[in-house]
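The values are calculated or read from the model by the stated rules, or taken from the named source; none is laboratory data. Nothing here was measured: the structure is a model prediction, and the numbers come from that model. All Cβ positions, glycine included, derive from the backbone under ideal geometry; neighbour counts span all protein chains shown.
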Amino acid sequence: MLKTGTTTVGIVCKDGVVLAADRRATLGGRIIIEKKTEKIVQINEDLAVTTAGSVSDVQLLIKILKAQLKLMEVRRSRRATIKEVANLLGTMVYNSIRKFSMIPSITGFLLGGKDDNGVYLYSLYVDGSVSLIDDYTADGSGFMFAIGHLENSYKKGMTVSEGTKLAIQAVNAAIQRDAASGNGIDVVTVTKDGVKKVYEKEINTVVTA
């Protein structure tokens, strides 16, 4: 089963939301399959998600989510609120993991987005539960290392710029200790201006003589 391994981080700031993730994809958390995996996916101009878990299930759920949101926009003549998107994706995750299969659907998402009411961060757990986050969260195999750093350094009311630096530090802390996380860091922000990629860095582990 191909899994992303993964460390993903979400931080709520006074002027937006920060999403960050590493780039390593592994086979069962043991063998590195891909070193340039994009784990932050932009759904539309106002919405992005981080991904963790089984790659095929993550890809399928994102395709269905994009299609459903376009249909909802056409039918309602408006975009879905971030709360509606979070509940829709949570329902999809819930239904996916409860389908009988030889390979269980293991997925986790951090969802950051803006609508007319503000900018929000949601965590969607593997069982389909949905939680509104008002400070910070992390997911994936390296989450405990990232959470430790966030717990120590997060400050209420920090700016997106400060949150970006903290997110990089948190993912880097996980990369140092979690074998299934590594090879690079990407950071995306969601503000009143929409989704923007603000940081990307490849971590080269090749040794030359």
**Request:** Among the residues of the range 126-141, write down those that are in contact with a strand residue (DSSP E or B) (Cβ under 7 Å, 6 or more places away or on another chain), farther than 13 Å from residue 112 by Cα and not in a strand (DSSP E or B).
**Result:** 126, 140
**Request:** Give the range 74-133 a look and list any residue that's buried (at least 18 other Cβ atoms within 10 Å of the Cβ), without any contact (Cβ under 8 Å) to a residue 60 or more places away in the chain, within 16 Å of residue 46 (Cα to Cα) and not β-branched (Val, Ile, Thr), or say none.
**Result:** 79, 80, 86, 89, 122
**Item:** Among the candidates 37, 51, residue that is modelled with pLDDT under 95, within 16 Å of the chain's Cα centre (by Cα) and among the polar types (S, T, N, Q)
**Value:** 37
**Message:** Name the single residue that is surrounded by the most Cβ atoms within 10 Å (Cβ to Cβ) among those in the range 142-165 being outside any helix (DSSP H, G or I), touching a helix residue (DSSP H, G or I) at 6+ places or on another chain (Cβ under 9 Å) and not basic (Lys, Arg).
**Reply:** 142
